[in-house]
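Provided herewith is a single structure, encoded as structure tokens, for subsequent inquiry.
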Amino acid sequence: MQKLSCIACGKKFEIGENRVVCECGGLLDVIQPIEELKKLDLKKVFDERLGSCELPNASGVWRYRELLFDTKKIISRYEGNTRLYPSEKLSAELGVELFFKHEGENPTGSFKDRGMTTALTIGYAAGCQNFVCASTGNTSASLASYCSVGSLNGIVIIPNGKIALGKLSQALAFGAKVLQIDGNFDVAMELVNKLGEKFDPESPTDSVYVLNSVNPFRIEGQKTIIFEILQQLNWNAPDWIILPAGNLGNTSAFGKAISEAFKLGLIERKPRIAAVQAVGANPFFKYFDNGWEKFEAMKNPETIATAIKIGNPQSFLRARRAIEETNGVVLEVSENEIMDAKATIDAAGIGCEPASACSLAGIRQLAKNGVIQKNERVVGILTGHLLKDPDATINYHAGELAGIDSARANQPQQIEASVKAFLATIK
Ligand code: F0G
């Protein structure tokens with residue numbers, strides 16, 4: 001049986017004790033019973049479930065439920081099952097074997113759905129009715145959808161005017177209560193943490209249950225991005241897995257999944273994680289760069305990749321462990337590198353939102369400076385869908401983003417409605 005353990009004081013809790021954080025305020029980990037799990041032929045179990053049309057096996061999260069936790073009723077939108085695209089053109093250009101794992105293909109268009117189904121399922125099982133998150137947009141869209149599916153109250157707290165249009169429209173359309181604050185994500189997160197402190201495990205119906213990635217069950221769900229990649233590669237670990245990093249929940253989940261898969265013998269070696277931040281929102285990069293000497297939150301993070309515009313990431317300790325355990329690296333990329341990488345992924349016919357493009361921007365840097373070596377197998381995670389942030393895309397192609405050179409701009413052409421004018425455009 002899985003247990004919860006505090007990463008700060010080590011105190012243990014049962015899963016059924018309805019804890020989101022420890023009494024001391026520390027974050028919790030779900031501890032997997034590795035020795036018990038080793039007795040199962042997990043690869044066979046997971047492979048046999050592929051192709052199922054029914055829940056839970058049809059979900060790319062719950063398919064791996066032995067490595068998550070036990071539960072009865074799940075709240076699911078058949079999430080996961082996202083594609084792993086080989087990228088031949090970029091592979092040739094960069095001299096590596098490159099794949100993109102497109103998490104924007106989840107039901108609400110981002111990887112958040114994987115952690116939402118697991119954390120919401122636990123909160124629901126605990127008897128909670130009210131669910132809250134702070135968000136730069138995608139978590140709010142996901143929470144809103146899953147709360148509606150489960151007939152539960154979804155409440156999202158977002159920075160006023162600072163989240164991408166597609167995400168705001170989802171939260172409203174799915175019917176969540178949308179609360180805007182005058183302050184950035186970090187301020188919203190602080191408020192949610194205070195609400196979390198008031199959570200009473202003894203009377204869950206009167207409390208609000210926190211669905212940010214401080215919640216350990218979010219991390220468990222997001223581990224399945226790694227399990228699914230490994231299964232898609234026939235359980236051969238890639239050399240590198242590269243992802244954008246904001247609040248650092250996903251980086252933490254990736255480290256935990258890789259360590260567990262390795263301990264369980266599902267893979268023979270650990271892929272290295274590269275976590276990529278935007279230059280203007282880079283507290284984790286600075287922490288890595290100063291040899292883990294000192295973590296300092298940033299006051300006014302700024303980046304066009306609004307999903308990761310975060311100055312005080314909650315999971316920095318868990319994420320540090322992920323980097324250390326996988327011999328990983330943390331890097332920073334400029335606004336121009338992000339938008340150029342996005343335009344490249346978009347023009348390849350795959351597409352993603354700005355934050356996701358940090359993956360390719362990071363791969364380019366690491367391949368250039370030889371950290372990623374020739375012919376290594378690399379998986380870049382695309383965390384969100386192209387349609388999440390139409391403003392960023394349109395303004396890029398119009399050449400209207402300050403400081404961005406729009407080198408790959410594709411502008412609409414105005415023509416007269418005649419065959420002659422049409423033919424002139426394809427000469
Ligand atoms: N990419 C996208 C598209 C995101 O929405 C986020 C986080 C990240 C990357 C970074 O992941 O926080 O686990 O390091 N979005 C959160 C939100 C903060 O509220 O939607 P992380």
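No lab work stands behind these numbers, since they all come straight from the coordinates. Given the structure is predicted, the values throughout are model-derived calculations rather than measurements. Neighbour counts run over all protein chains shown; Cβ positions are idealised from the backbone, glycine included.
Using the number of other C-beta atoms within 10 angstrom as an exposure proxy, rank Ile74, Ile122 with the fewest first.
Exposure proxy ranking, most exposed first: Ile74, Ile122.
Something else now. For the chain, what is the per residue volume of the convex hull drawn over the alpha-carbon atoms, in cubic angstrom?
That works out to 156 Å³ per residue.
Taking amide H atoms as placed 1.01 Å from N in the peptide plane, list the residues 5 or more away in sequence, or in a different chain, whose amide H sits under 5 Å from that of Lys3.
Under 5 Å from the amide H of Lys3: Ile31.
Can you pull the semi-axes for the range 1-49, root of five times each eigenvalue of the Cα gyration tensor, sorted largest first, whole Å?
28, 10, 9
In vacuo Debye scattering of the range 137-269, one point per C-alpha: log10 I(q)/I(0) at q = 0.09, 0.14, 0.16 Å⁻¹?
So the normalised log intensities are -0.34, -0.76, -0.92.
Moving to a separate point now. If you take the charge dipole of the range 215-286 about its Cα centre, with +1 on Lys and Arg Cβ and -1 on Asp and Glu Cβ, which of Leu233, Asn247, Gly221 is farthest toward its positive end?
Highest projection toward the positive end goes to Asn247.
Here's something else I'd like to know. Under the rule a/c < 1.5 gives rounded, and otherwise a/b versus b/c splits prolate from oblate, where does the range 29-145 land using the Cα gyration tensor?
oblate
Would you mind ranking Cys133, Cys6, Cys128 by Cβ crowding within 10 Å, fewest neighbours first?
Going from sparsest to densest Cβ surroundings: Cys6, Cys128, Cys133.
Can you sort Leu360, Leu248 from fewest to most other Cβ atoms within 10 Å of each residue's own Cβ?
Ascending number of Cβ neighbours within 10 Å: Leu248, Leu360.
Determine the distance separating the Cα centre of the range 330-371 from the Cα centre of the range 14-56; give it in Å without decimals.
Centre-to-centre distance over Cα atoms comes out at 32 Å.
Sorted from largest down, what three extents in whole angstroms do the Cα atoms of the range 200-324 have along their principal axes?
Principal extents (largest minus smallest coordinate, Cα): 43, 42, 28 Å.
Rounded, prolate or oblate: which fits the range 270-373 when a ≥ b ≥ c are the square roots of the eigenvalues of the alpha-carbon gyration tensor, with rounded for a/c under 1.5 and prolate only if a/b beats b/c?
oblate
Please compute, over every Cα-Cα pair in the range 92-132, the percentage with a separation greater than 16 angstrom.
56
What is the antiparallel percent of DSSP beta bridges lying wholly in the chain, to the nearest 5?
Bridges in the chain that DSSP calls antiparallel: roughly 25 percent.
Using the Karplus curve 6.51 cos²θ - 1.76 cosθ + 1.60 with θ = phi - 60°, work out ³J(HN,Hα) for each residue of the range 71-82 in order, rounded to whole Hz, and write x for Gly and Pro.
Using θ = phi - 60°, the values come out as 7, 9, 8, 9, 10, 9, 10, 6, 5, x, 6, 8 Hz.
I've got another one for you. Average projected area of the Cα convex hull of the range 190-267, in nm²?
Result: 6.7 nm².
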